[in-house]
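Note sheet for the following structure.
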C-alpha cells in the first residue's frame, strides 16, 4: 500500500476559452501535476512532475503566471492532459494507493478534469487523507484554523528546497509534513465523485460585477483597465474555491 501525495496547478482565462467539450462545467484546467509516492513506511520511492499544454484555454492568465511562474510559452511544447493523465494513472495505480492532499479541492478538480476530457477515473484511488486539518490538531489549534502550506512548513522546521505554488514543490512539502505528523489516527476517508451530481443545488447567485469593479476603482481612485477587471474577476472566483488555503 502506497500514499500518493499530489498537488495541482490550475488555469482559467475566459478571454481565451476554446469551445471544446464540457469546459464550462470545469472552469479550472490543470496545467501541472506534481506527486510524491510514499511506501507504507513513509519513504519516498518515486516522484512525478509534468506540465500540461492547455486545451480549453489558449493562454495562461497573467495572474496565474505571477502566482506560479508558469507561462503560456512554457506549456506549448508539453503534452496535453489525456497523455499526461495516462502516465499519471500508471504512476498511481501500480499498487493499492491512498491519495494525500493539502485540502480536498485538488481531488475535486482532478476528477472534474478527467470527466471533462471523457476519460476513465477507475484507475484513481477514492480513499484520501486531507492533511491540512491534521496540522491544526498537531499544534492544538482550533480545527477551523487551517494553516497555509508555507506556514506549516516553517512551523515544522522543514527545509525550504522548492518553490511554493508549484505543484511538485507543494506535493513535496505536503509529503514532508505528512511524515512529520503521521499517526494511526489519520485514517483515510472515501471520496465519491458522483456525490457532486446528486447534491441538491443551492440557489444561483449572480456576482454584481459592476459593484465589484466600482469598489476597486473607488479604492484606487481611477478606472480599472480591461485586463485589471479580468484579473479581479478571476481572483474573486478562485478565492471562492478555497484552493489557495495553504
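The values are calculated or read from the model by the stated rules, or taken from the named source; none is laboratory data. Predicted, not measured: the structure shown is a model, and the values here were computed from it. In this analysis, Cβ positions are derived from the backbone assuming ideal geometry, glycine residues included, and neighbour counts consider all displayed protein chains.
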task = Could you look through the stretch 104-128, keep only residues that are buried (at least 18 other Cβ atoms within 10 Å of the Cβ) and in contact with a strand residue (DSSP E or B) (Cβ under 7 Å, 6 or more places away or on another chain), and pick out the one that is farthest from residue 85 (Cα to Cα)?
result = 128
inquiry  = Here is a check on your reading of the model: is residue 164 part of a loop (DSSP other than H, G, I, E, B), at pLDDT 95 or above and surrounded by fewer than 17 Cβ atoms within 10 Å (Cβ to Cβ)?
reply    = yes
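Restricting attention to the stretch 91-106, does a residue exist that is farther than 19 Å from residue 33 by Cα, within 17 Å of the chain's Cα centre (by Cα) and part of a loop (DSSP other than H, G, I, E, B)?
Initial filter on the stretch 91-106 (farther than 19 Å from residue 33 by Cα): 95-96.
If we keep only those that are within 17 Å of the chain's Cα centre (by Cα) as well, we get none.
Scanning the stretch 91-106 turns up no residue that is farther than 19 Å from residue 33 by Cα, within 17 Å of the chain's Cα centre (by Cα) and part of a loop (DSSP other than H, G, I, E, B).
One residue is enough: does the stretch 56-76 have a residue meeting the conditions within 22 Å of residue 191 (Cβ to Cβ) and modelled with pLDDT of 95 or more?
Pass one, the stretch 56-76, residues within 22 Å of residue 191 (Cβ to Cβ): none.
Scanning the stretch 56-76 turns up no residue that is within 22 Å of residue 191 (Cβ to Cβ) and modelled with pLDDT of 95 or more.
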Residues of the stretch 109-135 classified as under 16 Å from residue 175 (Cα atoms) and over 16 Å from the mean Cα position of the chain (by Cα), total = 3
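Filter the stretch 79-93 down to the residues that are within 15 Å of residue 56 (Cα to Cα) and without any contact (Cβ under 8 Å) to a residue 40 or more places away in the chain and list them by number.
Here is the first cut: in the stretch 79-93, the residues within 15 Å of residue 56 (Cα to Cα) are 79-82.
Within the stretch 79-93, 79, 80, 82 meet the criteria.
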task = Examine the stretch 16-36 for a residue that is more than 14 Å from residue 116 (Cβ to Cβ), in a helix (DSSP H, G or I) and at pLDDT below 95, and state whether such a residue exists.
result = yes
ask   = When the stretch 71-88 is examined, which residues are found to be out of contact with any strand residue (DSSP E or B) (no Cβ under 6 Å at 6 or more places or on another chain) and surrounded by fewer than 20 Cβ atoms within 10 Å (Cβ to Cβ)?
value = 71, 73, 74, 76, 77, 79, 82, 83, 86, 87
key: Selection from the stretch 131-150 of residues that are without any contact (Cβ under 8 Å) to a residue 60 or more places away in the chain and part of a helix (DSSP H, G or I)   = 133, 134, 135, 136, 137, 138
inquiry  = Take residue 91 and tell me if it is surrounded by 15 or more Cβ atoms within 10 Å (Cβ to Cβ) and either touching a helix residue (DSSP H, G or I) at 6+ places or on another chain (Cβ under 6 Å) or farther than 27 Å from residue 12 by Cα (or both).
reply    = no
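Please state which one of 42, 17, 38 is more than 25 Å from residue 188 (Cβ to Cβ) and over 19 Å from the mean Cα position of the chain (by Cα).
Values: 42 fails: more than 25 Å from residue 188 (Cβ to Cβ); 38 fails: more than 25 Å from residue 188 (Cβ to Cβ).
Testing whether each residue is more than 25 Å from residue 188 (Cβ to Cβ) and over 19 Å from the mean Cα position of the chain (by Cα) leaves just 17.
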